[in-house]
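What follows is a single structure, written as structure tokens, with notes after it.
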2 protein chains.
Amino acid sequence: MMPKAVVLLSGGLDSYTAAAMARQQGFELHALTMVYGQRHEREVAAARAVARALGVTRHVEFAVDLRAFGGSSLTSADPVPKDRSQTSDEIPSTYVPARNTVFLSLALAWAETLGASDIVIGVNAIDYSGYPDCRPEFIGAFQQMARLATRAGVGGAALTIHAPLQHMTKAQIIERGRDLGLDYGLTHSCYDPLPDGRPCLRCDSCILRAAGFAEIGVQDPLVQR
Amino acid sequence: MMPKAVVLLSGGLDSYTAAAMARQQGFELHALTMVYGQRHEREVAAARAVARALGVTRHVEFAVDLRAFGGSSLTSADPVPKDRSQTSDEIPSTYVPARNTVFLSLALAWAETLGASDIVIGVNAIDYSGYPDCRPEFIGAFQQMARLATRAGVGGAALTIHAPLQHMTKAQIIERGRDLGLDYGLTHSCYDPLPDGRPCLRCDSCILRAAGFAEIGVQDPLVQR
């Protein structure tokens, strides 16, 4: 029997690639998409398309409305910053407080119910927006906490948080995904798409994605020439 | 200005007491109640009454439907165990996978938004049902993770998880609450109330509560003589 893994699937390029890497390692995928008051339903639609392409065993769309707390331009009416310098040390307003902690906690709840010992998250600490909850020290501390939080912590198999993209550049991630035959045309990365749904190409997420494709000299299927 | 604290408020006796202790220490209370597919709306109604009695600054009822994952008799149609031995080492079926991890993560999201450095949770590791996520080592690991998860982790004030009841017996908790003038008639503890809303007096939660009141020779206001 294949071991089960819960994968956090956002509809973006990173989580698609991380999930495909886990599938290649022999995991049976259980995909979890958070519906947390995103500005765009498009993100959830992309997650659905990606889950289908990955052939996941089950896909759960879980509502957790972080707008109740406010505090981020991604979950409020505040403008998304554009053309931001990628060398700034500042945490941008698109940061959603404690987002990955909440998402990993919910993945943990499902993993424990499934009897799964593995959780996969596509965080990246190189070409990223500087969010504290994408750093390797956070992922390590979460794993340690999770091992104490669950039945596993009182005698079961040790839980592992897989963050396979952690130390890869965006270009390396895209190359890996192309090797795995992934269709990045299914994904959605933009924080603030144009009215017709096309990526804005000016938010942090678009800028990082474009730089990754450019570095390996490949056309992004989402961008018209 | 009073420092803000986010308190997890279930409507039970423990979280009411923990919140009142934090208020006495000078915290401004922001109460968070999870609506997670409980069998009984009564629990949420009790949380509302308790929040009012405590004079909290704000009370958020947050929907997080853990029934999507299943795995507990508290969130499914499975029967709640009755008359269970209180010396068993087994984790009972009322355990909700990763519940406190999920609840504390959402409290963390709100705390970060508020700029609060303090979270209060009424977990107890003495007179409790043996859930792994009530143990002090779990609370400590969560705090460590939380400090790395947030803006605070990259330079802000260190986050503290307060679990003031951790090492108190149920009788000590009730005595402390009575000293603080709390009305335990507002609370709700039963996992599986009778059709008319009265506590069953046979589930783990009722048994622990009754033993606490009995130990100090006080009548539980919820129980008719």
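The values are calculated or read from the model by the stated rules, or taken from the named source; none is laboratory data. Keep in mind it's a predicted model, so treat the numbers as computed, not measured. Cβ coordinates were reconstructed from backbone atoms using ideal geometry, including for glycine residues, and neighbour counts include every protein chain displayed.
Of everything in the range B:19-53 that's small (Gly, Ala, Ser) and surrounded by fewer than 20 Cβ atoms within 10 Å (Cβ to Cβ), which residue is nearest to B:GLN166 (Cα to Cα)? So the residue we want is B:GLY26. Selection over the range A:1-33 of residues that are more than 10 Å from the chain's Cα centre (by Cα) and closer than 20 Å to A:SER205 by Cα gives a count of 0.
This table checks each residue for (1) at negative phi; (2) surrounded by fewer than 20 Cβ atoms within 10 Å (Cβ to Cβ); (3) modelled with pLDDT of 95 or more; (4) in a loop (DSSP other than H, G, I, E, B).
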{"residue": "A:ALA116", "(1), (2), (3), (4)": "yes, no, no, yes"}
{"residue": "A:ALA146", "(1), (2), (3), (4)": "yes, no, no, no"}
{"residue": "A:LEU165", "(1), (2), (3), (4)": "yes, no, yes, yes"}
{"residue": "A:ALA171", "(1), (2), (3), (4)": "yes, yes, yes, no"}
{"residue": "A:HIS188", "(1), (2), (3), (4)": "yes, no, no, yes"}
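For the range B:132-144, taking the residues that are facing another protein chain (nearest Cβ under 7 Å) and closer than 14 Å to A:THR101 by Cβ, the one that is surrounded by the fewest Cβ atoms within 10 Å (Cβ to Cβ) is identified as B:GLN144.
Among residues of the range B:163-187 that are among the acidic types (Asp, Glu), those with a Cβ under 8 angstrom from a residue that is in a loop (DSSP other than H, G, I, E, B), sequence gap 6+ or separate chain, pair up as B:GLU175/B:ILE216; B:ASP183/B:PRO221. Listed residues B:ALA109, B:ALA141; which is part of a helix (DSSP H, G or I), more than 17 Å from the chain's Cα centre (by Cα), under 19 Å from B:GLU61 (Cα atoms) and without any contact (Cβ under 8 Å) to a residue 12 or more places away in the chain? Step by step, each of B:ALA109, B:ALA141 is checked, and only B:ALA109 is part of a helix (DSSP H, G or I), more than 17 Å from the chain's Cα centre (by Cα), under 19 Å from B:GLU61 (Cα atoms) and without any contact (Cβ under 8 Å) to a residue 12 or more places away in the chain.
Of everything in the range A:190-225 that's in a loop (DSSP other than H, G, I, E, B) and small (Gly, Ala, Ser), which residue is surrounded by the most Cβ atoms within 10 Å (Cβ to Cβ)? Write out each step before concluding.
First, the residues of the range A:190-225 that are in a loop (DSSP other than H, G, I, E, B): A:190-203, A:216-225.
Right, trim to small (Gly, Ala, Ser) and you get A:197, A:217.
Values: A:GLY197: 11, A:GLY217: 7.
Filtering the range A:190-225 for residues that are in a loop (DSSP other than H, G, I, E, B) and small (Gly, Ala, Ser), the one surrounded by the most Cβ atoms within 10 Å (Cβ to Cβ) comes out as A:GLY197.
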